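**Q** First, the structure itself, so that you have it in front of you.
The values are calculated or read from the model by the stated rules, or taken from the named source; none is laboratory data. These numbers come from a predicted model, not from an experiment. Note: ideal-geometry Cβ built from the backbone for every residue, glycine included; neighbour counts use all protein chains shown. SASA here: full protein model, heavy atoms, side chains in, ligands and nucleic acids out. Shrake-Rupley method; radii C 1.70, N 1.55, O 1.52, S 1.80 Å.
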Amino acid sequence: MSVSTGREKVQFTSGGTECAAWYYPGTSGGCVIMTGGFAVTKEPGTDRFARRFNDAGFAVLAFDYRHLGESGGEPRQVQRVGEQLADWDAAIAFAGTLPGVDPARLAAWSFSAPGGLVFRVAAQHPELAAAIAQTPNADGQAAARNAARHQQPLALLRFAGRGIADAIGSLVPLTGEPGTVALLTTPDALDGTRALDPDGRYPEWRREIAARSALRLGFYRPGRYAARVRCALLVLVCDQDQSALAEPGVRAASRAPRGELVRLPGGHYEPFLGGHERAVEAELAFLRRHLVDHSRAAAADSTGR
């Protein structure tokens with residue numbers, strides 16, 4: 001493992017492929033497992049939140065899905081839900097083996113489309129102590145219908161054609177102006193670079209995705225799994241979100257047995273922009289309650305104190 005600015009480069013295996021991750025050692029025993037948004041690698045997608053969580057004493061494991069960033073897997077820039085879920089399975093198992101990490105105090109965190117995936121991950125992993133879905137795409141169909149309002153018909157047809165015909169890894173940009181062929185042309189989607197890479201620190205981040213992966217995103221509705229989540233679940237939505245939409249996330253939070261909801265004003269990337277402090281403080285308070293305070297209370301009960 002190589003050490004860089006207080007974090008260590010680690011790897012774990014998923015489906016026979018190496019997944020690359022940053023491990024930030026913590027002091028509290030709790031560990032937050034993180035991924036970036038859709039086709040967003042671990043550095044631009046998690047660095048700012050990961051450092052704040054780590055500064056508060058939490059260990060962090062921030063990883064790239066297969067086919068992205070520093071992780072292995074061919075073809076590149078392809079995202080399949082089944083593989084992403086398997087990567088989460090492997091990451092959760094690996095996190096529990098890291099030095100100083102209590103396997104009973106693990107949390108999952110992601111945003112945007114993978115933020116929606118957190119609902120299913122948490123439903124399938126009752127051993128998690130907590131999960132955070134930030135501006136999640138909880139209903140791909142609703143988000144796709146809304147996104148179509150911000151696109152021109154001819155561009156929509158070209159986008160669909162690229163996805164259907166994609167057999168050799170045809171790529172589309174993650175964002176673009178209306179009329180261009182891109183995953184998203186919503187107004188707040190154009191804030192992505194300003195939110196995630198304002199200083200140009202991440203030139204290796206490829207801001208494109210396989211057309212077939214982008215097309216499938218509109219059919220996925222992970223918010224349906226919220227009712228099966230048994231761990232504490234925090235859903236953070238932004239009321240003017242035009243890329244993932246707030247209301248499907250609100251409904252998902254209400255269906256989760258231990259769901260909590262935080263609403264912020266602003267668009268999809270507001271937690272990385274002007275709303276960053278409010279988002280971080282809400283998420284840290286949630287993590288402290290469920291990864292630290294709850295653990296101390298359980299320990300006190302077990303000793304009769």
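**Q** For region 36-97, what is the charge dipole size about the Cα centre, in debye to the nearest 20, if Lys and Arg each add +1 at the Cβ and Asp and Glu each add -1 at the Cβ?
**A** Charge dipole, region 36-97, about its Cα centre: 160 debye, nearest 20.
**Q** Next question. Rg over Rh of region 1-57, using C-alpha atoms and the Kirkwood radius, what does it come to?
**A** That ratio is 0.97, to two decimals.
**Q** Provide the percentage of antiparallel DSSP beta bridges, counting only those with both residues in the chain; round to the nearest 5.
**A** Of those bridges, close to 40 percent are antiparallel.
**Q** Next question. So how much slack lies between Arg288 and Asn146, counting 0.36 nm per residue of separation and subtracting their Cα-Cα distance, in nm?
**A** Additional length available on full extension: 47.6 nm.
**Q** Quick query: amide H of Leu171 versus all other amide H atoms, modeled in the peptide plane; which residues come in under 5 Å with a sequence gap of 5 or more or a different chain?
**A** Close amide H contacts, sequence-distant or interchain: Ala211.
**Q** What is the mean projected area of the alpha carbon convex hull for the chain, to one decimal in square nanometres?
**A** 14.9
**Q** Quick check: net charge around Ala256, other residues with Cβ under 11 Å of its Cβ, Lys/Arg +1 and Asp/Glu -1?
**A** Net charge around Ala256: +4.
**Q** Rounded to two decimal places and with Rh computed the Kirkwood way over Cα pairs, what is Rg over Rh for region 174-305?
**A** Answer for region 174-305: 1.06.
**Q** Ok, one more. Helix-only mean residue ellipticity at 222 nm, the chain, DSSP H runs n ≥ 4 weighted -39,500 (n - 2.57), per residue, nearest 500. What is it?
**A** Theoretical 222 nm ellipticity from helices: -10500 deg cm²/dmol.
**Q** Would you tally the net charge around Leu106, using a Cβ to Cβ cut-off of less than 14 Å, leaving Leu106 out, and scoring K and R as +1, D and E as -1?
**A** Residues close to Leu106 contribute a combined charge of -1.
**Q** Taking all protein chains as present, what is the carbon and sulfur share of the accessible area of the chain, in % to the nearest whole number, probe 1.4 Å?
**A** That fraction is 53 percent.
**Q** Just the accessible area per residue of the chain, please: how many Å² with a 1.4 Å probe?
**A** 40
**Q** Sticking with this structure for a sec: Count the net charge of all other residues whose Cβ sits under 11 Å from the Cβ of Ala122, scoring Lys and Arg as +1 and Asp and Glu as -1.
**A** Counting the neighbours of Ala122, the net charge comes to +3.
**Q** Using 0.36 nm times the number of residues separating Glu8 and Asp199, minus their current alpha carbon distance, what extension gain do you get?
**A** Residue separation times 0.36 nm, minus the Cα-Cα distance, leaves 66.4 nm.
**Q** May I pose another question? Given a Förster distance of 35 angstrom, what is the FRET efficiency for Glu74 paired with Phe219, based on the Cβ-Cβ distance and rounded to 0.05?
**A** The calculated FRET efficiency here is 0.90.
**Q** For the pair Arg251/Leu85, report the inter-label distance in nm, with labels modelled 7 Å from Cα in the Cβ direction.
**A** Each label point is offset 7 Å from its Cα along the Cβ direction, giving 2.1 nm.
**Q** Could you estimate the translational diffusion coefficient of region 202-270 from the Stokes-Einstein equation, with Rh from the Kirkwood formula over C-alpha pairs, at 20 °C and 1.002 mPa s, in whole µm²/s?
**A** Using the Kirkwood radius from Cα pairs, D works out to 156 µm²/s.
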